[in-house]
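Below: one structure, written as structure tokens.
The values are calculated or read from the model by the stated rules, or taken from the named source; none is laboratory data. This structure is a prediction, so every number in the text was calculated from the model and none was measured. FYI the Cβ positions are ideal-geometry reconstructions off the backbone, even for glycines, and counts take in every protein chain you see. Side chains included, ligands, DNA and RNA excluded: accessible areas come from the protein's heavy atoms. Shrake-Rupley method; radii C 1.70, N 1.55, O 1.52, S 1.80 Å.
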Protein chains: 2
Amino acid sequence: MRFSKQRELIKNIVQTTNLHPTADWIYKKAKKNISNISLGTIYRNLSQLNQDGIINIIYDNNKARYDWNTVSHDHLKCNKCGDITDIHMHTEELQKKVWNQYKFEADNIEINITGICNKH
Amino acid sequence: MRFSKQRELIKNIVQTTNLHPTADWIYKKAKKNISNISLGTIYRNLSQLNQDGIINIIYDNNKARYDWNTVSHDHLKCNKCGDITDIHMHTEELQKKVWNQYKFEADNIEINITGICNKH
DNA sequence: ATAGTAATAGGAATTATTACTATTTATAAA
DNA sequence: TTTATAAATAGTAATAATTCCTATTACTAT
């Protein structure tokens, strides 16, 4: 992968927020530095960074969100404010359980919990 | 809720498959009965049926899928064939744990597991 | 049966994402 | 340094997924 200042910027934006931003949010933020950056560049680089294991993609309803946290983890999503919080809920045990019960070879486990967060 | 033959048809389509179909799949199937049915009608009724607790919505990457199974459950998704299988993995305990650890009032918990299923 | 009205339908519009192409740029070899 | 070249970019068009808008229709009370 060749260097590009656009990719560096995009990576930096994702890695310095806990907001699980959407492509559009990242696009707006990136434009402040590179005013003619294209939305296609945002999407291309985000999926490239994801493929290289540098960032994670999570799906919030029908929108992709991007997460600097590449360690397998779980999410709490608040129905009131929409905030998404990273948590650790699942253990290695779960993977074994899935294998024993269903002969399913799990490579990723994600627990998504919706409800009301502690700010309300 | 007023009767409509479109909604009856849509409900019936969802309730007679285990394929976790997308809106588009349901649309194509529905057109065989009501040829001028609109995709908007599909979406509107699917979310209405969901709100009334008659069907469930699950999110597979950035696509909504619809499930007749309204009891809280979890999913195995095979990376090879794309098949989604309903399983039961989470327990009431998890909800309590989320409350104790994060003071988060969970109303829905869903464990999504990807990997290779027992057909491969 | 008819009129009133709120729910529903179909189709248009919007939003999110991907694809395409001409141009620019990072990198490596001469 | 210059040159070759493959990868990346901006800009735009296309596609996919979902929501919005206005005419129509099911249902209720007369």
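B:I109 fails exactly one of the following numbered conditions: (1) more than 24 Å from A:C78 (Cβ to Cβ); (2) at the interface with chain A (Cβ under 7 Å from one of its Cβ atoms). What is the number of that condition?
(1)
Scan the stretch A:55-76 residue by residue and report those that are more than 10 Å from DNA strand C (Cβ to nearest atom) and either within 12 Å of chain B (Cβ to nearest Cβ) or under 16 Å from A:N108 (Cα atoms) (or both). Talk me through it step by step, then tell me what you get.
Let us first name the residues in the stretch A:55-76 that are more than 10 Å from DNA strand C (Cβ to nearest atom), namely A:55-56, A:58, A:67-76.
Selection gives A:I55, A:N56, A:I58, A:D67, A:N69, A:T70, A:V71, A:S72, A:H73, A:D74, A:H75, A:L76.
In the stretch B:1-38, which residue that is of a type in the set (K, R) and open to solvent by less than 90 Å² (accessible area, probe 1.4 Å) is farthest from DNA strand C (Cβ to nearest atom)? Spell out how you get there, then give the answer.
The initial filter retains those residues of the stretch B:1-38 that are of a type in the set (K, R), namely B:2, B:5, B:7, B:11, B:28-29, B:31-32.
Now restrict to residues that are open to solvent by less than 90 Å² (accessible area, probe 1.4 Å): B:7, B:11, B:29, B:31.
Numbers: B:R7: 5, B:K11: 11, B:K29: 14, B:K31: 10 Å.
It comes out as B:K29.
Please specify each residue of the stretch A:33-57 satisfying the condition of being of a type in the set (G, A, S) and near DNA strand D (Cβ under 7 Å from one of its atoms). Break it down into steps so the answer makes sense when it comes.
Going through the stretch A:33-57, the residues of a type in the set (G, A, S) turn out to be A:35, A:38, A:40, A:47, A:53.
Listed by number, the residues that qualify are A:S38, A:G40.
For a quick check of your reading of the model, give me the residue pairs whose first member lies in the stretch B:1-29 and is more than 14 Å from every other protein chain (Cβ to nearest Cβ), whose second is within 14 Å of DNA strand C (Cβ to nearest atom) and part of a strand (DSSP E or B), with beta-carbon atoms closer than 9 Å and at least 6 apart or on different chains.
B:H20/B:D60
Looking at the stretch B:89-112, I want the residues that are of a type in the set (F, W, Y) and have a partner that is open to solvent by less than 40 Å² (accessible area, probe 1.4 Å) with Cβ atoms under 6 Å, at least 6 apart or on another chain. Which pairs are those?
From the stretch B:89-112, the pairs are B:F104/A:L76; B:F104/A:G115; B:F104/A:C117; B:F104/B:V98.
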